[in-house]
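Chemist: Structure below; questions to follow.
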Amino acid sequence: PRTMELMRVLTRCSALKKLYLLGYGSAVLKESQLPQEWTSVGPMPRWLMEDRARRIRVHWQALYGLLSTSSLQGLETFNDIEVQGFKEQPETTVMIMMQCLEGVAAELTMEPTASGEAGTLDARLQVKADVDMFCDVLRLITKQPLLVNLMFTDKKVINIKAGQAKLAGPLSGVPVGEGGPLFIHSVILKNNQVSETLLKSLDHKAPLKEFCYDNMTAVLPSLFAAMCGKEKPLPIEKLKVEPKWITASVARKRFSDQQRKLLAGVHAALIRSDTFQSLLTAGRGEVDRSEIEGMSPEEFALTMTGYAVDEAQVGEKHHPRIPWRCFPSVKHFLNPDPEEEPLFVPLPLDEEAANELQLEKLSLCMGDLRARLTRTARADEWPAPSKALWYGPQRLVRTGDWLEFDPVRMEEDEKAAEEGEEDAEDASIRFHWRYGSNDRDGLRIGSKRAAAMLRELEEKEAADKAARAGEHGAPRKVELPPPFVDTLLHTILRSLLSETSTLKFLDLRGNGLTREDANVLMGLLQQAGNLSRLNLIPVVEDEALATTQLLIDGSGIPRPREINPDEEDEEAPEGEALAREALEAEYVRMDEGDGFIFDSLVTPQTFPELSRVELRRLEIPQDTTLAHITDALLQLASVRELRLSELKLSGRGASLLLQAVAEMAPNLDTLNGLPLKALIQKKEAPGEVTSLELPDEIEWNDFPLGAMARLNLWSVATLRANAEEGAFRLQGFHLTDVGLRGLCVMLRHFAQQVPIGMRTPLPLKLSRIDLSGNPQITDDTVADLCHTLQHPSMGAGLRHSLRELSVRSCMRLRSRSALELQSFVMHMRDAGRSNPDGGIGALQLINGIDLEALQTASRSGAGPGGGR
C-alpha cells in the first residue's frame, strides 16, 4: 500500500545507480496517490492505455514518472533492465512495460546479426498473467520481430493449455481494433504440452515455430487440423515429442484406422512444408527432415509416439512346477532356525535346481502328490499345457504391429496353425487366450470354465487331427491327450529319476499313485543309476540279492518324539530333504501304485535270501493295493519270519491278508512271535497230540488270532501256566472283525476246558478287552463276543481276570451292539447274585461305566421309598 510513497522518496536519491522493485506488477497503486507530474503515459499509444492496458495504467504512469525524474538521470538499471535512453528504444520500453504486468517474468537478449540485431525474449507466465495484455505489449515492437520463448508455469495442465489457447488470436494475425498493429513475433512454446484448441484455431500463416506434446493420441486430431486443414501446413520448424512416463517400451502403440489416416496426412504435410526441419523425440533423439521423408507409415507412426520400441526379448518359458516344503533333518523340523532360508524342492526337479540342491535322500511320503496337483495345479497357468487356448493366428503378432489385424496375414497364420507347424524356439509368442471376455461367457485363469474349455479344445483338436489323417488313409481312432495332472505327475517322476539324478533314496508312498504311474516309475529305474532304495525297498541288484530282512516301518524316518532335540548333530546333514508330511505322519498310506511297486520289486528272483519281512505302521485302504502285497508275499518261499504290526486295514483287506498268511503258514517259523510252523507240525503229527506252550512276547492282533482260528491250532496250544496277570497282550487298536472272531474262538476254546459249574479260572489271564477306536468292527462280531462271554463256564472264569471291556468310538457299531452289551451286563449281574459276596466278579468297567457304582446305585434305588 505504501509503494507509491516509497517511489516518491526514491526521487531524492540522486546518486542511485541500480534500482530493484521486485514484484512491482503485483503492487497496489491507486490513481489518487499519483503526483501531478507523473500523470503522463509517455510513448504509450492510446489504444493500449485507454483500452487494453487500462488495469496497469497507474503502474505504468508511476514507473514512467519515476524513471523520467531529473534527479534520477544517473540511474542505470531498473530490475536489471538498462534504462538509459529508454524513450528512444522501443524494446527497452516494452521490457519496462513488462514490469507492470502481474505474473510475467521476461528477459530480452539482443544479438548482432548480418542485417542488424535479433532479439530473443524468454518469458514465463503464471496462471494469473494476462496473456492478451502480454501480447498487446509485444505489439509495440513493429519493426524488428522477436523470437519469443514462452513458458507457462503451473502445476495443472488444464491451466497451461488455457493460457496457450489465448495465443490463437495474436498468432493468427488478429489486429487490435481498426488499424492497430499486428503481432509479428515468432513463438516457441516451451511446455511439454500443447493446447489442442490452439492448434485447431491457428491460421496457416501463424508464426508458431516450435511446440511439444506428450500424448499423441490426444493431440493427433488437432495436429492434423493444423497441418492439413488449412490452405498450407502450419509453418513449424521443429516438432518435439516428450512422453510423460516412458521413453522406451517393448509394447508398440496400437493405432486405429482413423489414426493411421491422420498420421498419413501429417506425414505428407511435414514433407511438403517449406519450413519444417526436424522432429525431436525422447526415444530416438533428433530426426531430420530427410530421414522423415524416407520413413514408412509404420516407422513414422512409431516415431510420432515419442518413445523408442525395444525388440521383445524372448523370455524363459516356465514349465509347470510346484514347490514342496522340506527339511534337511528331523532336528531342523523340531527346532527350525528362523534366520535360515527354508528349503523348497521344486517339482519337477529341473537341472538347475538339481545341481544346486544335490539331493541324495528325498522323502515325499504321505504328501498326497496327486491330490495336491489336482487341487492346486492348473493347466491354464502355464504356456505348454494351455496351448489350445492361445495357439492361433495372432500368437506371433506383437501388440501394435502395423499389420496386427491384417486379414491376409491372419489367414496365413491360421493355416499354419491348423497344419500344426511348430514355432521357432526364439519366436516371441503372445500367450493371449483366443477366447476373451466377449467369448464363451468370459474365461478366467483357474476357473472351472477355463479348465472345461481347455479340455473341449483339446478333444476338438484330437478329433480334427484324426479326421485329417483319415483323408489320406484308413480312419484313425481319436487319441485324447492325457489329463494335465497325469502329465505333470509323470513329468515329476521323470525328473526325479533322470539319468543325471543324484538321488540314492526316494520314498513316494502315500501320494495317490496309480498303477499307470507305477509303470512309468518302474520304467525309469534302469536309467537312475544312483538310486539304491525306492519306497524303503533296495533296488540295487547286489544289495537285494544279499538282503535277508525287509523292514517297511512307516515312513522309515525316526519319529520326532524319538529324537532328542537338544542333542547336537556331529555334522549337518547334506543332500537330504524330508517333506513335512513325512515327518508328521504316524502311518504311511500305501496306494495302488505303491502296492504294484512292492509286487514288482519284491520277487524271489531279486530277494532270494529274504527270510524276514516286517510291515509296520501302514495304512492300506484299497483292497487292490493289498492284493499286490499278498501276491508278492506268497511268492517269497524263503520267508521264515513275518511280522504284521499296527496295520490299518479294511475288514475285507484283513481277510485277504489273513488268507495269504494261512497259505504261507507251513513255511513260517513265526508270525508276530507266534510259532506257527511248530503248531502246524504238532497238529499234523501222528499219535497223541501234545500242546505247545506259547511265549509271552506274541503280538496278538488280527493275524495271530485269525491264523489260530482258521487253522484250528488252539487244540495244540496252551498259554504259560505261571504267566503274570495281563500277560496276554491284545493289540486292540488295530483289530477288525477278523481278529475279533479269532478272539472269540480263543475264548470259546478255553471255556470248553472248564466244566460248567466249576469256579476254576480260565488258563488265560485276560484283564482287559479294549476295542475302542476300531473303525472296522461291526455289530455281528461284537454280538459274537458278548455271546461268548456269556458262556456259563466263561462267566465264572472271567470274574477272576477280566476287569474292563470297551467298544467305544467304533464308528460302524449301531444299536444292536448296545443291546448286546446291555444283555451282557444283565447276565453278569445275574451271575453275580450267586456269588457269596454279591458282586459281579473282577469286571469293573464297560465302555467307561463303573459297574460297581451302577450296581450300588441300583440297590439304593430299590430300597424303601425308592423307585426303580
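The values are calculated or read from the model by the stated rules, or taken from the named source; none is laboratory data. Owing to the predicted nature of the structure, the values given are computational and were not obtained by experimental measurement. Note: ideal-geometry Cβ built from the backbone for every residue, glycine included; neighbour counts use all protein chains shown. The area values use the complete protein model at the heavy-atom level, side chains included, leaving out ligands, DNA and RNA. Shrake-Rupley method; radii C 1.70, N 1.55, O 1.52, S 1.80 Å.
Chemist: Quick one: check the C-alpha center-to-center distance for the range 76-119 versus the range 630-644, whole angstrom.
Modeler: The distance from the Cα centre of the range 76-119 to that of the range 630-644 comes to 113 Å.
Chemist: Taking the full set of protein chains and a 1.4 angstrom probe, give the accessible area of His319 in square angstrom, rounded to the nearest 10.
Modeler: 130
Chemist: Want the number for Arg652 to Glu684: 0.36 nm per residue separation, take away the alpha-carbon distance, what's left?
Modeler: Extra length available between Arg652 and Glu684 comes to 8.6 nm.
Chemist: Specify which labelled value, from (1) 155, 90, 57; (2) 97, 72, 50; (3) 181, 54, 43, agrees with Cα extents along the principal axes in Å derived from the coordinates of the model shown.
Modeler: (1)
Chemist: Hey, what's the chain come to in accessible area per residue, 1.4 Å probe, Å²?
Modeler: 51
Chemist: Just name one of Ala248, Gln549, Ala717: the one whose Cα is farthest towards the positive end of the charge dipole of the chain (beta-carbon charges, Lys/Arg +1, Asp/Glu -1).
Modeler: Of Ala248, Gln549, Ala717, it is Ala248.
Chemist: Would you please name the GluC sites (Glu not before Pro) within the range 1-89 that are DSSP coil residues with at most 15 other C-beta atoms within 10 Å of their C-beta?
Modeler: Here the sparse-neighbourhood loop sites are Glu76.
Chemist: So, one more: With the cut-off at 1.5 for a/c, could you classify the range 617-746 from its C-alpha gyration tensor as rounded, prolate or oblate?
Modeler: In terms of gyration-tensor shape, oblate.
Chemist: Another question, then. Just by accessible area at a 1.4 angstrom probe, what is the order of Val689, Val309 from largest to smallest?
Modeler: Val689, Val309
Chemist: Given charges of +1 on the Cβ of Lys and Arg and -1 on the Cβ of Asp and Glu, with all other atoms neutral, how large is the dipole of the range 361-412 about its Cα centre, in debye to the nearest 20?
Modeler: Using only the charged Cβ atoms, the result is roughly 600 debye.
Chemist: Using a 1.4 angstrom probe with every protein chain in place, what is the largest-first accessible-area order of Arg284, Arg710?
Modeler: Result, largest first: Arg710, Arg284.
Chemist: In terms of Cα to Cα distance under 27 Å, which lysines are near enough to Lys387, apart from those fewer than 8 places away along the same chain?
Modeler: List returned: Lys253, Lys317, Lys415, Lys448, Lys460, Lys465, Lys477.
Chemist: Can you pull the percent of the range 56-111's accessible area that's carbon plus sulfur, 1.4 Å probe, other chains left in place?
Modeler: C and S fraction of accessible area: 42 percent.
Chemist: Let me ask you something else. Would you mind getting me the FRET efficiency between Glu237 and Glu411? Use the beta-carbon distance for r and R0 = 30 Å, nearest 0.05.
Modeler: E(calc), rounded to 0.05, equals 0.10.
Chemist: As a test question: what accessible area, to the nearest 10 Å², does Thr718 have when a 1.4 Å probe is rolled over all protein chains in place?
Modeler: Using a 1.4 Å probe on the heavy atoms, I get roughly 40 Å².
Chemist: Related question: State the percentage of accessible surface on the range 609-658 attributable to carbon and sulfur atoms; use a 1.4 Å probe and exclude ligands, DNA and RNA.
Modeler: With neighbouring chains kept in place, the figure for the range 609-658 is 44 percent.
Chemist: If I model a spin label at Leu634 and Arg515 as a point 7 Å from the Cα along the Cα→Cβ vector, what separation in nanometres do I get?
Modeler: 1.5
Chemist: Take every DSSP beta bridge with both residues inside the range 75-203 and express the antiparallel ones as a percent of the total, to the nearest 5.
Modeler: Of all bridge pairs located within the range 75-203, approximately 50 percent are antiparallel.
Chemist: Can you give me the Cα centroid spacing of the range 1-70 and the range 512-532 in angstrom?
Modeler: 101
Chemist: Same structure again: In the chain, what percentage of the DSSP-assigned beta bridges are antiparallel, given to the nearest 5?
Modeler: Of the beta bridges lying entirely in the chain, close to 30 percent run antiparallel.
Chemist: Another one. Just reorder Arg254, Arg46 by solvent-accessible area, largest first, 1.4 Å probe, all chains present.
Modeler: Arg46, Arg254
Chemist: Next question, about the same structure. Local charge sum around Trp38 (other residues, Cβ-Cβ under 11 Å, Lys/Arg +1, Asp/Glu -1)?
Modeler: Local charge sum for Trp38: -1.
Chemist: Pull out a ≥ b ≥ c, the square roots of the eigenvalues of the alpha-carbon gyration tensor of the range 95-157, then state rounded if a/c is under 1.5, prolate if not and a/b is larger than b/c, and oblate in the remaining case.
Modeler: The shape class here is prolate.
Chemist: At a 1.4 Å probe radius, carbon and sulfur cover how many percent of the accessible area of the range 167-285?
Modeler: That share works out to 50 percent.
Chemist: Determine the sum of side-chain charges near Ile846: Lys and Arg each +1, Asp and Glu each -1, restricted to other residues whose C-beta is under 12 angstrom from that of Ile846.
Modeler: Net of charged neighbours comes to -1.
Chemist: I've got another one for you. What is the dipole size for the chain, taken about its Cα centre, with +1 at each Lys and Arg Cβ and -1 at each Asp and Glu Cβ, in debye to the nearest 20?
Modeler: Charge dipole, the chain, about its Cα centre: 3840 debye, nearest 20.
Chemist: Any of Lys155/Lys230; Lys18/Lys128; Lys143/Lys166; Lys18/Lys240; Lys190/Lys232 with alpha carbons more than 30 Å apart? Name them for me.
Modeler: Lys155/Lys230; Lys18/Lys240
Chemist: Mind listing which GluC sites (Glu not before Pro) in the range 151-225 are in a DSSP loop and have 15 or fewer other Cβ atoms within 10 Å?
Modeler: Listed in order of number, the matching sites are Glu178.
Chemist: May I ask you to compute the full-extension gain from Asp401 to Glu5, defined as 0.36 nm times their residue separation minus their alpha-carbon distance, rounded to one decimal in nm?
Modeler: 135.6 nm
Chemist: Continuing with the same structure: By how many nm would the segment from Glu88 to Lys18 lengthen if fully extended, with 0.36 nm per residue of separation less the alpha-carbon distance?
Modeler: Working it through step by step, the gained length comes to 23.2 nm.
Chemist: Next question, about the same structure. Note down the net charge around Leu551, summing +1 for each Lys or Arg and -1 for each Asp or Glu among other residues with Cβ under 12 Å from its Cβ.
Modeler: So the environment of Leu551 carries a net charge of +2.
Chemist: Something else about it: Express in Å², to the nearest 10, the accessible area of Glu699 obtained by rolling a 1.4 Å probe over the protein heavy atoms while all chains stay in place.
Modeler: Roll a 1.4 Å probe over it and Glu699 shows about 20 Å².
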